[in-house]
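The values are calculated or read from the model by the stated rules, or taken from the named source; none is laboratory data. Computed from a predicted structure; not experimentally measured. Don't worry about glycine lacking a Cβ; one is built from the backbone with ideal geometry, like all the others, and counts go over all protein chains shown. The accessibility values were calculated without ligands, DNA or RNA, using every heavy atom of the protein model including side chains. Shrake-Rupley method; radii C 1.70, N 1.55, O 1.52, S 1.80 Å.
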Amino acid sequence: MRASRLFFPTLKEDPAEAEAISHKLSVRAGLVRQLAAGLYIYLPLGLRVLNRINTIIREEMNAIGAQEISMPIMHPAEIWQQTGRYERIGAEMFRLKDRGGRDMVLGMTHEEIVTWLASRELRSYRDLPQVWYQIQTKLRDEARPKSGILRTREFIMKDSYSFDVDQEALEKSYQLHVEAYNRIFTRAGIRFYMVESDPGMMGGAAAHEYMAPSPAGEDEVALCNCGYAANLELARSQPDFPEYPRPGREEVATPEARTIEQVSSFLGIDPALLIKSLLVMAGDEPVLVMVRGDQQLQETKLAHQVGDFRPADEEEIRKYTGAGAGFIGPLGLEIRKTADQSLEGGVFTAGANRDGYHIKGVVPGQDFQTEYHDLRRVKDGETCVHCGAPLRTERVIEVGNIFKLGTKYSEPLGATYLDRNGREQPIIMGSYGIGPARVAAAAIEQSADEKGIVWPVSIAPFQVHLVLVQPSDSQQAAMAEKLNADMMAAGLEVLYDERDISPGAKFADAELLGCPVRVTIGKRAAASGTAEIQLRRGGEECQFELGAAAQEVIRLLKDLD
């Protein structure tokens, strides 16, 4: 591709609203342009990257026997109503009516639709297993789209679905996807973790996420050298325990000391010796939630215990506790209580349910009764529950996810098959997603330097960036034309910059675009009959005779891959 014919509008300055490196560089390098909040146009270079990622995905999905289909983006709402997700998902779903007044939705995922298809086409155990996939547009009305292509309202996703006769067969389909995903992300050149995750709105028995480490990520994971890895939404740990004081309740005045920091400072005690009490409303039911003062509540864990909830307002707090926020505690309250497991067996200070007062020497299980669950957010340095080593936490970008759905969708939508004995059984399902744009963004985040993008070979828009320094020099131009022809004949994808602009601008664009190998034809090359070759990653330089340059570039690319 000749640069003079390629539409790639590069920019010198970062876009004003951009914070993530991938957002800044994808705009500056001319990969994308923003149409509106969370809506992006992919320009030629950006689309080439996505297509290369999609090619890897297709190859690996086909290799496990998956078959590609294409499903509509617009769905009849009644199918979503049958599974209950039409009501549960809420504002993130785009909803509309067709001209006949029929309720429709724009698909944010396709579990309902693929299950509808399976319910009509899969009849017998002889039809199973099946794995169907698509690379299709999804729409989600994100409340806060940001970070460029990392969090958008319209996006492309590879979603696949497995259909099996039982849980044992599902395990095989699940493991096939694990292996395929490992190959996909490895081939795409990104670092990643496979971590335990919460199924969330997808439902089902179990789930894992594929996470690419990056400071730009919105998720956090807990990791251990023993191999344990989990999203903080459900990560488990063994916290350190403080030295407890003697039990024996004593009410103490704590005027104007409301926060954990204020109370611990006022009383001169470790925050770990305080009970942090939070009142939430689970529907119409008040629930007192307790964690240690040095810990944070993990809301997803709490939702698993009490269902959907919201923080109680000031009026509700006073109604159910008799005190204002900052002074509430478990003693004397006849409402449901749930506490983190780290409170069991300790001696703490808690709110007295009286403004301006706390109570020392409170013993959970003795002075009040509660249910215990894992409710806290894992912290760096806490102990791994599997091996006893310290955990570390890291920010990550979610690039893929896999779910064991079981019969969550097949039962309400009537997707059944006849087993060997002629009995009707629900189809056992799995669901598996990859975000190609997120893979591209993760690659930028993980490898970029101060000059621009540094693409992995496998997903770069071009493998080679050929720069002709002086187009008006006939000798240079002839050498560059021959080398371009040689490399293309050898099967290389080449961006040939023969534009009549300054050499500095060409080199700046080459560094910004980040193709793995840059080949320069300038005065030195013309004088010596050699091509100057530089690797984008690390900047290593070398020279080869013009006739051998194409094969040497191929060798270098193989070493980089």
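Can you confirm whether Ala527 is farther than 14 Å from Asn484 by Cα, under 36 Å from the mean Cα position of the chain (by Cα) and open to solvent by 10 Å² or more (accessible area, probe 1.4 Å)?
no
Filter region 216-240 down to the residues that are at pLDDT 90 or above, open to solvent by 90 Å² or more (accessible area, probe 1.4 Å) and either small (Gly, Ala, Ser) or farther than 20 Å from Asp198 by Cα (or both) and list them by number.
Answer for region 216-240, where residues must be at pLDDT 90 or above, open to solvent by 90 Å² or more (accessible area, probe 1.4 Å) and either small (Gly, Ala, Ser) or farther than 20 Å from Asp198 by Cα (or both): just Asn225.
Name the one entry in Glu92, Glu111, Glu154, Glu87 that is open to solvent by less than 20 Å² (accessible area, probe 1.4 Å) and out of contact with any His (no Cβ under 6 Å at 6 or more places or on another chain).
Of the residues listed, the single one that is open to solvent by less than 20 Å² (accessible area, probe 1.4 Å) and out of contact with any His (no Cβ under 6 Å at 6 or more places or on another chain) is Glu111.
With respect to Val221, determine if the residue is β-branched (Val, Ile, Thr) and closer than 30 Å to Glu445 by Cβ.
Yes, satisfied.
Pairs needed: first member in region 470-486, without any contact (Cβ under 8 Å) to a residue 24 or more places away in the chain; second member anywhere, open to solvent by 20 Å² or more (accessible area, probe 1.4 Å) and not in a helix (DSSP H, G or I); C-beta distance under 6 Å; at least 6 residues apart or different chains.
Here the result reads Ala477/Pro471, each pair linking region 470-486 to a residue that is open to solvent by 20 Å² or more (accessible area, probe 1.4 Å) and not in a helix (DSSP H, G or I).
Among what's in region 446-457 and is assigned to a loop (DSSP other than H, G, I, E, B) and touching a helix residue (DSSP H, G or I) at 6+ places or on another chain (Cβ under 8 Å), pick the residue that is surrounded by the most Cβ atoms within 10 Å (Cβ to Cβ).
Ile453
Considering only region 1-26, how many residues are assigned to a helix (DSSP H, G or I), in contact with a helix residue (DSSP H, G or I) (Cβ under 7 Å, 6 or more places away or on another chain) and not small (Gly, Ala, Ser)?
Adding up the residues that qualify gives 3.
Within region 330-338, is even one residue among the small types (Gly, Ala, Ser) and either open to solvent by less than 20 Å² (accessible area, probe 1.4 Å) or in contact with a Cys (Cβ under 7 Å, 6 or more places away or on another chain) (or both)?
Within region 330-338 (the criterion being among the small types (Gly, Ala, Ser) and either open to solvent by less than 20 Å² (accessible area, probe 1.4 Å) or in contact with a Cys (Cβ under 7 Å, 6 or more places away or on another chain) (or both)), the answer is no, since none of the residues qualifies.
Exactly one condition in (1) in a loop (DSSP other than H, G, I, E, B); (2) open to solvent by 70 Å² or more (accessible area, probe 1.4 Å); (3) under 30 Å from Val464 (Cβ atoms); (4) modelled with pLDDT of 95 or more is false for Gly30; which is it?
Gly30 satisfies every listed condition except (2).
Criterion first (open to solvent by 30 Å² or more (accessible area, probe 1.4 Å) and at negative phi) does Pro412 satisfy it?
yes
Counting only residues that are open to solvent by 40 Å² or more (accessible area, probe 1.4 Å) and of a type in the set (Ser, Thr, Tyr), which one in region 1-23 is nearest to the chain's Cα centre (by Cα)?
So, considering only residues that are open to solvent by 40 Å² or more (accessible area, probe 1.4 Å) and of a type in the set (Ser, Thr, Tyr), the one nearest to the chain's Cα centre (by Cα) is Thr10.
Quick check, is Glu68 modelled with pLDDT under 95 and under 30 Å from Asn182 (Cα atoms)?
It is false that Glu68 is modelled with pLDDT under 95 and under 30 Å from Asn182 (Cα atoms).
Quick check, is Asp355 farther than 20 Å from Phe241 by Cβ, without any contact (Cβ under 8 Å) to a residue 24 or more places away in the chain and surrounded by fewer than 19 Cβ atoms within 10 Å (Cβ to Cβ)?
no
Given (1) buried (at least 20 other Cβ atoms within 10 Å of the Cβ); (2) without any contact (Cβ under 8 Å) to a residue 40 or more places away in the chain, identify the lone condition not met by Met194.
(1)
Could you check region 96-108 and list, in sequence order, the residues that are open to solvent by 30 Å² or more (accessible area, probe 1.4 Å) and under 25 Å from the mean Cα position of the chain (by Cα)?
Across region 96-108, the qualifying residue is only Leu106.
Picking from Ser119, Ser124, which residue would you name as being surrounded by fewer than 14 Cβ atoms within 10 Å (Cβ to Cβ), closer than 19 Å to Met429 by Cα and either of a type in the set (Ser, Thr, Tyr) or in contact with a strand residue (DSSP E or B) (Cβ under 7 Å, 6 or more places away or on another chain) (or both)?
Ser124
Return the pairs, sorted by first residue and then second, in which the second residue is open to solvent by 40 Å² or more (accessible area, probe 1.4 Å) and assigned to a strand (DSSP E or B), the first residue lies in region 33-53 and is closer than 14 Å to Trp455 by Cα, the beta carbons are less than 7 Å apart, and the residues are 6+ apart or on different chains.
Within 7 Å, the pairs are Leu50/Tyr42; Leu50/Ile156.
I need the full set of residues from region 157-170 which are open to solvent by less than 30 Å² (accessible area, probe 1.4 Å) and either assigned to a strand (DSSP E or B) or of a type in the set (Val, Ile, Thr) (or both), in order please.
Lys158, Asp159, Ser160, Tyr161, Ser162, Phe163, Asp164
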